[in-house]
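The values are calculated or read from the model by the stated rules, or taken from the named source; none is laboratory data. Bear in mind that the values here come from a model prediction, so they are computed numbers and not experimental data. No Cβ is skipped: glycine too gets one built from the backbone with ideal geometry, and neighbour counts run over all protein chains shown.
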Amino acid sequence: MALDASFWALAALVVFFGIVIYLKVPGLIAKNLDDRANSIRSELDEARKLREEAQTILAEYQRKRKEAESEAEEIVEAARHEAEVLAAQARVKTEEFIARRTAMAENKIAQAQAQALSDVKSAAVDMAIAAAQTIVADKVTGTSADQIIKNSIAEVKARLN
């Protein structure tokens, strides 16, 4: 029987598989594949945890953004309300100021009218006295005339003032 090349190829293959099995290469390959699968599984778990944390953080930031927006709206509304109140107060103070100024002006006008009336009365009294003096001086003479004039002047002054 002749050992041909096919036999030697088969023998080399069997020896090769024997060495591979003796060195536990299939176990090493399985272990490497298992290790690789475990590392991929742990990376997936870690990615899942990171994703959940990211979603939690995103939800928290969205909540905070909504709170900040509502707070900003409240601040704007409060400022608007305060501006309206200040405008109303300014309007009231302006109206009060105008009313006081009007009252002061009317008071001054009334005082000026009273002063003018008093001045006119005083001028009329002075003119009446002067006219009475002239008339009495022309008609009455002597010491009795002086006494009558003095009494009349005093009486006119007392009645007109």
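Residues that are surrounded by 10 or more Cβ atoms within 10 Å (Cβ to Cβ), among the charged types (D, E, K, R) and modelled with pLDDT of 80 or more: does region 117-124 have at least one?
yes
Applying the selection to region 71-125, what residues are acidic (Asp, Glu) and closer than 30 Å to Leu160 by Cβ?
Result: Glu106, Asp119.
Among the residues that make up region 144-156, is at least one of them surrounded by 10 or more Cβ atoms within 10 Å (Cβ to Cβ) and touching a residue at least 24 places away in the same chain (Cβ under 8 Å)?
yes
Consider only pairs whose beta carbons are under 8 Å apart and that are at least six residues apart or on different chains; among these, list those whose first residue lies in region 85-109 and is touching a residue at least 40 places away in the same chain (Cβ under 8 Å) and whose second residue is in a helix (DSSP H, G or I) and loosely packed, with under 10 Cβ neighbours inside 10 Å.
Between residues of region 85-109 that are touching a residue at least 40 places away in the same chain (Cβ under 8 Å) and residues that are in a helix (DSSP H, G or I) and loosely packed, with under 10 Cβ neighbours inside 10 Å, there is no close pair.
Give the number of residues within region 125-143 that are loosely packed, with under 10 Cβ neighbours inside 10 Å and either on the phi > 0 side of the Ramachandran plot or of a type in the set (Gly, Ala, Ser) (or both).
Of the residues in region 125-143, 1 are loosely packed, with under 10 Cβ neighbours inside 10 Å and either on the phi > 0 side of the Ramachandran plot or of a type in the set (Gly, Ala, Ser) (or both).
Since Thr102 meets every condition but one in (1) exposed (fewer than 10 other Cβ atoms within 10 Å of the Cβ); (2) of a type in the set (S, T, N, Q); (3) modelled with pLDDT of 85 or more, which condition does it not meet?
With (1) exposed (fewer than 10 other Cβ atoms within 10 Å of the Cβ); (2) of a type in the set (S, T, N, Q); (3) modelled with pLDDT of 85 or more applied to Thr102, the lone miss is (1).
Does Ala87 meet the test of being in a helix (DSSP H, G or I) and at pLDDT below 85?
no
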